[in-house]
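Just so it is clear, none of the values below were taken in a lab; they were calculated from the coordinates. On a predicted model such as this, the values are computed, not experimentally measured, just so you know. Cβ atoms come from the backbone with ideal geometry, glycine included; neighbour counts cover every protein chain shown.
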Amino acid sequence: RAKANGKACYQVFEPTMHQRAFTSLQLETDLRKALVRDEFITHYQPIISLTTNQIVGFEALARWVHPEQGLIPPGKFIPIAEETGLIMAIDLCIMRQACRQLLVWQDEGLVAQSLTMSVNLSVKHFMSFDLLEQIDNILQETGIQGQNLRLEITESDIMGNAEFASKIIEQLQNRHIQLSIDDFGTGYSSLSYLHRLPIDRLKIDRSFVMRIGEHGENTEIIRAIVALANSLGLGTTAEGVETPEQLAQIKALNCEFGQGYLFSKPLDAEATRKVLEHG
Ligand code: C2E
Ligand code: MG
Ligand code: MG
Ligand code: MG
């Protein structure tokens with residue numbers, strides 16, 4: 001088979017494999033340049049209290065303004081950034097921008113002092129005391145209080161090294177930095193970390209919210225997550241709320257917070273300011 005098709009295989013495969021390798025290497029090179037050239041910007045998506053209908057926070061979401069390809073969403077570059085370890089620099093860059101922005105809005109009286117800025121962290125690739133030092137630097141440099149910063153991490157990030165994670169998380173708690181578990185319900189987890197770690201909120205993954213009502217089991221999963229959260233004294237945020245029907249359902253299930261296109265898509269700093277100014 002190899003002999004008969006060998007040539008054809010080479011002809012078919014070589015360019016694609018070559019191209020694929022080239023693309024991810026190119027992407028890595030471009031990512032490195034992007035960091036130096038400051039091509040990452042932050043978009044902000046409001047998180048709403050479902051009891052008061054007020055904006056209680058924003059999630060900071062990374063966007064890459066590529067010189068040729070325009071705005072690139074995180075799904076396209078975060079995986080490579082994680083593979084190459086560039087993620088740490090990108091995460092910190094977004095954290096810095098988001099904290100600076102929050103301070104501006106605070107100073108202008110556009111947001112309540114209690115409003116929190118949520119930042120995503122890929123911790124499994126840089127779980128170290130370096131992380132704490134970097135966060136301390138950012139808090140100091142931007143003047144943001146620890147309690148105004150909320151970190152979003154996934155279950156897999158914690159489970160990778162639960163013992164070390166608990167040390168880091170304890171240190172974060174000393175700084176009053178808040179913690180959410182992102183995409184809750186999608187990762188494998190023993191759940192035992194939930195009561196061992198000072199986590200205070202679960203973000204119910206969009207995949208459950210999206211199909212709420214459509215299949216009974218998604219509703220039951222959300223109900224179970226809310227019950228679990230309640231029994232552990234944690235808050236819940238429903239991700240990806242897109243329709244009034246979904247909003248009605250998550251309210252009926254006693255979710256505390258909501259986030260999604262129904263309220264607002266993630267917006268750049270200027271557009272977010274307009275939302276804050278005009279209600
Ligand atoms: P995530 O942390 O779960 O963020 C929520 C994602 O859902 C965002 O996608 C947001 O735009 C999207 N979303 C929010 N509401 C809706 C909705 O109603 N419908 C739909 N279809 N989507 C909605 P985005 O901005 O593309 O980010 C994707 C993921 O990339 C994030 O998921 C997060 O895991 C990761 N990410 C983004 N920024 C960063 C960052 O600075 N650092 C790290 N490590 N990861 C990041
Ligand atoms: Mg998130
Ligand atoms: Mg999420
Ligand atoms: Mg998600």
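Before moving on, here are some points about what is shown:
- Relative contact order (%) - criterion: Cα under 8 Å, at least six apart; region: the range 134-279: 17 percent
- Using the Cβ of residue 110 as centre and a radius below 11 Å, the other residues enclosed give a net charge of -1, where K and R count +1 and D and E count -1.
- Distances between placed amide hydrogens fall under 5 Å for residue 235 paired with 201, 202, all partners being 5 or more residues away or on another chain.
- Reachable aspartates and glutamates from residue 124, criterion Cα separation under 15 angstrom, eight or more residues apart if same chain: 82, 83, 91, 152, 155, 157, 163, 182
- Distances between placed amide hydrogens fall under 5 Å for residue 183 paired with 203, all partners being 5 or more residues away or on another chain.
- The range 91-238 - Rg and Dmax from Cα coordinates, angstrom: 16.1, 48
- Measuring between their Cα centroids, the range 62-94 and the range 238-253 lie 30 Å from each other.
- Within-9-Å neighbourhood charge of residue 81 [Cβ basis; K, R +1; D, E -1]: -4
- Each Cα pair under 8 Å and six or more residues apart adds its separation to the average, and for the chain the resulting relative contact order is 17 percent.
- In degrees, nearest ten, helix 162-174 long axis to first principal axis of the chain (Cα): 40 degrees
- Karplus (6.51, -1.76, 1.60) ³J(HN,Hα), θ = phi - 60°, over the range 249-258, in Hz, Gly and Pro reported as x: 5, 5, 5, 4, 8, 6, 5, 8, 10, x
- Degrees between helix 216-232 axis and first principal axis of the chain (Cα, 0 to 90, nearest 10): 60 degrees
- Within the range 178-279, chymotrypsin sites (Phe, Trp or Tyr not before Pro) in DSSP loop having at most 11 other beta-carbon neighbours inside 10 Å: 188
- Zero-based 10 Å bins, Cα pair distances in the chain, whole percents: 6, 26, 32, 22, 8, 4, 1, 0
- Restraint check, 33/167; 76/265; 167/203; 167/251, Cα-Cα greater than 28 Å: 33/167; 167/251
- Length-normalised contact order for the range 70-130 - Cα pairs under 8 Å, 6+ apart - percent: 42 percent
- Cα gyration tensor shape of the range 181-279, rounded if a/c is under 1.5, else prolate or oblate by comparing a/b with b/c: oblate
- Measuring gaps between exposed loop sites in the chain (GluC sites (Glu not before Pro); DSSP loop; at most 14 other Cβ atoms within 10 Å), the longest gap, sites not included, is 109-213.
- In degrees, nearest ten, helix 129-142 long axis to first principal axis of the chain (Cα): 60 degrees
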